[in-house]
Every structure is written in C-alpha cells, then in structure tokens.
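The next block holds one structure in the form of structure tokens; read it before the comments.
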Ligand code: AMP
Ligand code: MG
C-alpha cells in the first residue's frame with residue numbers, strides 16, 4: 001500500500017477529500033494530518049484495532065499511550081469520567097490549542113488506545129484541517145506524531161511520506177506546521193497538576209492560570225533513576241542518524257570548541273554537522289553548518305528543530321554538534337527534545353578547558 005497524498009489549503013478545504021479521509025478512519029484505516037504542533041498519525045480512537053495498527057505502523061511500543069483528539073468541547077465528557085475544575089479552566093483558556101490533558105478514562109476508550117492505563121490523554125487541536133477530519137471521522141481520533149518511533153517528529157508532509165508512506169492509507173498535506181514541537185501535556189490525575197511534557201504552553205503560563213502546577217521529576221533529572229510519568233518520555237527520541245552532542249557554555253567558547261572538533265574531523269577525512277543560529281552560523285569554519293533559527297525569535301528555533309535534525313540524515317556527517325537553546329519561553333520544551341535527541345550527551349566547554 002502506498003499512501004495517497006492530497007494537498008490541502010486550510011482556507012479552501014476540499015470537503016470531498018475530508019469526507020473520504022473521515023470514511024477511511026471510520027473503516028479502521030490510518031490517515032496522517034497536519035496539526036499546529038506536528039503531523040499526527042490518525043486512527044479511530046474508539047477502535048482497538050485501529051490503535052494496534054498505529055503502533056505497528058510507527059513501530060511504537062504498545063505501552064506508550066496515544067492522545068485522543070477531539071474537535072468539539074462537548075466531546076470531552078464522553079471520553080472521561082471526571083473533569084476537575086483546573087482542567088475546565090485550561091480547556092477554556094487554551095483549547096483549541098497545543099495542550100493535552102490527562103484525565104480519568106471512560107469505558108468507551110479502549111485500553112489499546114491508552115497503553116493499558118486507566119487515564120486518557122485528550123487534546124483539541126486548533127488546525128482547521130485536523131478539526132474537520134476529526135469531525136468527519138466521528139469525533140475521536142487517536143493520533144501520535146506521524147513519524148517512525150524514535151525519529152524526529154514530522155513538521156511537513158514529506159517527513160510523513162519518508163517514514164510511513166508505505167504503511168498508511170492517506171496523508172493530508174497542509175504544508176509546514178506552525179509550532180513544530182509537540183503539545184504540552186498536563187496530568188490531572190494527581191491533586192496538583194503535573195507537566196509531563198513541556199511545550200509551547202510553558203509551566204509559567206500554566207502557573208499563572210492555575211496557581212500551583214509542578215514539573216514531573218522525571219523530566220528535570222537527566223539520569224535514568226527517576227522515570228518520567230508519561231510512558232513515552234522514557235524512550236530515546238527524535239534522534240538523527242549521526243551521534244549528536246550538545247555543547248554548552250559561553251557562546252565564544254562553544255564556537256571555538258566546535259570549530260576545533262570540526263577541523264580535527266576534517267583532517268581525518270570526515271565531516272561534522274553543526275547546529276548553529278542566525279547569529280552564529282557565519283562564525284563556524286568547517287563542516288555542514290545549519291542555522292536552526294534566530295535567538296531573537298525563539299519560536300523559529302522550535303519551528304526548525306526537527307527539520308534540521310532530519311536534514312542531517314542525508315549528509316553522511318560523522319557527528320553533529322549543537323549549541324544549547326535555553327531561550328526564555330520555549331527553552332524548556334526545545335531543550336527537552338534536543339537532550340533526548342542527543343541521548344543526554346552534553347559537553348560543558350568551560351569545565352573542559354580549565
Ligand atoms: P505522541 O503521541 O507521540 O505525541 O506522544 C504522546 C505522549 O503522551 C507520550 O509521551 C505518552 O506517553 C503520553 N501520554 C499519553 N497518554 C498518557 C496517559 N494516559 N498518561 C500519561 N502519559 C500519557
Ligand atoms: Mg511522538
């Protein structure tokens with residue numbers, strides 16, 4: 001099977017195509033579609049067989065639960081047994097948008113969709129193509145990111161085709177996504193809401209709205225002794241083919257260090273990849289240099305992260321070195337993904353050179 005790829009403009013929706021895609025989902029098939037965060041791989045969330053197909057297509061471990069996407073707020077109560085006040089407030093403020101909430105699951109959601117858990121992750125995306133598809137499919141679409149498990153998440157339809165073109169029925173191509181990093185996940189099954197995955201909606205924004213919100217301990221500690229509560233966060237993720245290291249420290253020292261590694265590699269007939277920014281790209285002397293965006297506009301860094309990681313795969317680089325991006329608002333989310341992609345390999349230049 002080769003997926004049918006159909007381009008679509010959110011402002012001029014092709015109702016016939018949406019209807020056809022919705023029917024594929026109703027019949028238990030798989031359709032990839034754009035959202036404002038990354039591309040999702042959709043299946044009917046209430047059909048256990050469809051969820052099993054999603055795991056198989058992605059090569060995803062089946063203990064890693066899927067997010068149920070809805071396109072009407074009234075649907076939330078059908079998939080949950082309880083909606084705490086805090087969840088109501090967040091839904092009101094941030095839905096539709098890049099926010100996923102974990103709530104106690106209703107019986108109609110099969111355990112295949114929730115990776116065996118009694119809770120369910122729910123999101124109401126703001127992308128119009130996503131919304132229309134979800135409605136056409138009956139209202140509940142399970143959709144993890146539409147990449148092969150472990151690879152960088154897809155931010156354009158071409159990435160989905162690369163990974164899953166032979167494994168799914170249809171791809172709706174709505175162009176490049178807006179945010180480029182997956183949704184923020186907030187767990188409401190505990191007394192104090194817990195962020196299980198950082199995203200565009202930051203911990204500070206959530207605290208401003210709700211008061212007390214904490215970060216999952218498994219996200220803050222970089223060793224493996226504390227397990228993250230979102231099952232998916234424990235896996236290595238987003239990884240490019242070449243070995244990736246993050247170089248931290250004063251900008252000048254970071255550049256000097258990476259330049260020395262790049263020229264070392266060159267002497268051995270190898271080429272390194274370098275993840276730079278618009279501000280620093282001109283200062284590197286050797287290797288394949290890619291700017292990820294501008295530190296002055298941190299959204300651009302989030303937006304290009306996965307694309308840049310994927311782009312190095314065709315280059316045959318022997319290793320990749322990246323600057324660190326602890327930017328003010330999205331830094332937590334960006335570094336969470338970059339650290340996973342690097343398998344937590346960090347080179348601290350100040351210390352090394354003392
Ligand atoms: P993805 O579908 O690729 O965006 O990943 C979804 C993330 O949500 C994974 O890290 C899952 O482990 C997490 N997740 C989904 N459902 C639950 C749940 N019920 N409890 C905790 N984490 C969840
Ligand atoms: Mg994913």
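Derivation of every value follows stated rules applied to the coordinates shown; laboratory data play no part. Values in this document were obtained by computation on a predicted structure and should not be read as measured data. Neighbour counts run over all protein chains shown; Cβ positions are idealised from the backbone, glycine included.
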Distance (nanometres) between label positions extended 7 Å along Cα→Cβ at residue 73 and residue 93
1.4 nm
Inter-part distance where the stretch 70-84 and the stretch 309-354 are each reduced to a Cα centre, Å:
38 Å
Pairs of alpha-carbon atoms within less than 8 angstrom and 6+ residues apart define the contacts here; what relative contact order does the chain have, in percent?
19 percent
When the helices in the chain are scored as -39500 (n - 2.57) per DSSP H run of 4 or longer and the sum is shared across all residues, what 222 nm value do you end up with, to the nearest 500 deg cm²/dmol?
-9000 deg cm²/dmol
Sequence gap at least 6, Cα distance under 8 Å: using those rules, report the relative contact order of the stretch 30-113 to the nearest whole percent.
35 percent
Sort the stretch 217-327 into rounded, prolate or oblate with this rule: let a ≥ b ≥ c be the square roots of the eigenvalues of the Cα gyration tensor; rounded if a/c is under 1.5, and if a/c is not under 1.5, prolate when a/b is larger than b/c, oblate otherwise.
prolate
Roughly what angle does helix 48-58 make with the longest principal axis of the chain, taking Cα atoms, 0 to 90 degrees, to the nearest 10?
20 degrees
For the chain, take the longest principal axis of its alpha carbons; what is the angle in degrees between that and the long axis of helix 251-267, to the nearest 10 within 0 to 90?
80 degrees
Can you grab the distance from the C-alpha centre of the stretch 148-214 to the C-alpha centre of the stretch 106-130, Å, no decimals?
13 Å
Mind checking the full-extension length gain between residue 318 and residue 203? Use 0.36 nm per residue of separation minus the Cα-Cα distance, one decimal, nm.
37.8 nm
Relative exposure of 195, 6, judged by other C-beta atoms within 10 Å (fewest first):
6, 195
Between the modelled labels at residue 311 and residue 162 (7 Å from Cα along Cα→Cβ) the distance in nm is 1.1 nm
Just want the ordering: 12, 159, 69, from fewest to most Cβ atoms lying within 10 Å of their own Cβ.
12, 159, 69
Taking a label point 7 Å from the Cα of residue 7 along Cα-to-Cβ, the residues of the stretch 142-186 whose backbone nitrogen sits under 16 Å from it are 156-159, 161, 171-177
Nearest 10, in degrees from 0 to 90: the angle of helix 15-26 to the longest Cα principal axis of the chain is 80 degrees
How high is the relative contact order of the stretch 178-322? Use alpha-carbon pairs under 8 Å, at least six apart in sequence, and give a whole percent.
23 percent
Take the alpha carbon gyration tensor of the stretch 14-67, find the square roots of its eigenvalues, order them as a ≥ b ≥ c, and report rounded if a/c is under 1.5; if not, report prolate when a/b exceeds b/c, else oblate.
oblate
